[in-house]
Amino acid sequence: MCAAFVLALAFALPSRATAAALPLTVAMTSDSALTLDSNSPASSGPHAMYVSFRIANTSGAQVANLQATISGFGSGTVLSGGQAAMQYVGTLAAGASRTVYWFITYPSSFNVRNVLTVSVADGAGGTASGSGAVRTMSMISAQAGGAHQHQQ
């Protein structure tokens, strides 16, 4: 009787379901270089840029109510301009994609590294994520990085 009770209890308790994977790819599309002026990084040149991630629906059906949240900031790299970490993406049709941008500032020290991660959720337990490494680098200011297209 004791074994039957334990077995019945095990089936009666709710299971801890894992989050369902959304049929999305999430990829960083901005340059990984956070450009600093090679001559005077503390006083000249850029200390801010946009980072971007492309969210692509890889399924044959639309995916709705998507929200993208960026994380992974540290060592003086932060969101800037009062921008929230979460952005509403909305609905992506089958095969469609949308690029989301965040404005960041970064320190004037060389070789500061962060791995930024964008997590996408649909509000119903579905998730997808992608990451990209960024690093402060010494460059001539005229070579400041930005968004670029990846060959697929």
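The values are calculated or read from the model by the stated rules, or taken from the named source; none is laboratory data. Just so it is clear, the structure is predicted and the values come from calculations on it, not from any experiment. Counting neighbours? That spans all protein chains shown, and the Cβs are built from the backbone with ideal geometry, glycine included.
Computed values, structure above
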item: Condition broken by Ile104, with the remaining ones in (1) touching a residue at least 40 places away in the same chain (Cβ under 8 Å); (2) within 15 Å of Leu22 (Cβ to Cβ); (3) of a type outside the set (Ser, Thr, Tyr) satisfied; result: (2)
item: Top-ranked residue of the range 107-131 - restricted to ones that are small (Gly, Ala, Ser) and in contact with a Gly (Cβ under 9 Å, 6 or more places away or on another chain), ranked as nearest to Pro46 (Cα to Cα); result: Ser108
item: Some residue of the range 70-77 being hydrophobic (A, V, I, L, M, F, W, C), modelled with pLDDT of 95 or more and out of contact with any helix residue (DSSP H, G or I) (no Cβ under 7 Å at 6 or more places or on another chain); result: yes
item: Number of the condition not met by His47 [criteria: (1) at pLDDT 95 or above; (2) surrounded by 13 or more Cβ atoms within 10 Å (Cβ to Cβ)]; result: (1)
item: First in the range 113-132 and closer than 10 Å to Phe53 by Cβ, second anywhere and polar (S, T, N, Q) and assigned to a loop (DSSP other than H, G, I, E, B), Cβ under 9 Å, 6 or more apart; result: Leu116/Thr77; Gly132/Thr29; Gly132/Ser32
item: Scan of the range 30-47 for residues that are touching a Lys or Arg at 6+ places or on another chain (Cβ under 8 Å) and outside any strand (DSSP E or B), ordered by number; result: Ser32
item: Only one of Ala85, Ala94, Ala121 that is among the small types (Gly, Ala, Ser), more than 21 Å from Ser138 (Cα to Cα), surrounded by fewer than 16 Cβ atoms within 10 Å (Cβ to Cβ) and under 13 Å from the mean Cα position of the chain (by Cα); result: Ala85
item: Considering residues of the range 50-77 that are in contact (Cβ under 8 Å) with a residue 60 or more places away in the chain and more than 16 Å from Gly95 (Cβ to Cβ) only, the residue surrounded by the fewest Cβ atoms within 10 Å (Cβ to Cβ); result: Tyr50
item: Cβ pairs under 7 Å, 6+ apart, first in the range 78-97 and over 15 Å from Phe53 (Cα atoms), second not in a strand (DSSP E or B); result: Thr91/Gln62; Ala93/Gln62; Ala94/Ser59; Ala94/Gly60; Ala94/Ala61; Ala94/Gln62
item: Residue tally, condition at pLDDT 95 or above, part of a loop (DSSP other than H, G, I, E, B) and in contact with a Phe, Trp or Tyr (Cβ under 9 Å, 6 or more places away or on another chain), over the range 105-152; result: 1
